[in-house]
1. If only one of 41, 55 is touching a strand residue (DSSP E or B) at 6+ places or on another chain (Cβ under 7 Å) and modelled with pLDDT of 95 or more, which one is it?
2. I need a count of the residues in the stretch 62-87 that are at pLDDT 95 or above and in a loop (DSSP other than H, G, I, E, B).
3. Filter the stretch 71-84 down to the residues that are surrounded by fewer than 18 Cβ atoms within 10 Å (Cβ to Cβ) and under 14 Å from the mean Cα position of the chain (by Cα), then identify the one that is nearest to residue 28 (Cα to Cα).
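The values are calculated or read from the model by the stated rules, or taken from the named source; none is laboratory data. Bear in mind the structure is a predicted one, so any value in this text is a computation, not a measurement. Cβ coordinates were reconstructed from backbone atoms using ideal geometry, including for glycine residues, and neighbour counts include every protein chain displayed.
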């Protein structure tokens, strides 16, 4: 058996889970303050987006956890700040 330090995460995790995770150090979900820091979106705007269903969040007891993939998808869909000019 290989020592743990030499194992590739793909040897441990099911392929579907590994493919869905962009990074093994990136959380699946984060608290609102962390989501604000991670995304650069203000706290009030983040709550507006969650209430509108544009960013997904879940409740764990009293904590609101924002799904990292949802933040990434939202940011990826935003228009470019400086669109390329033709010509």
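1. Within the list 41, 55, the selection yields 55.
2. Summing the residues that are at pLDDT 95 or above and in a loop (DSSP other than H, G, I, E, B) in the stretch 62-87 gives 1.
3. Initially, the stretch 71-84 is screened for residues surrounded by fewer than 18 Cβ atoms within 10 Å (Cβ to Cβ), giving 72-84.
Right, trim to under 14 Å from the mean Cα position of the chain (by Cα) and you get 72-77.
On the way: 72: 11, 73: 13, 74: 15, 75: 16, 76: 17, 77: 19 Å.
Result: 72.
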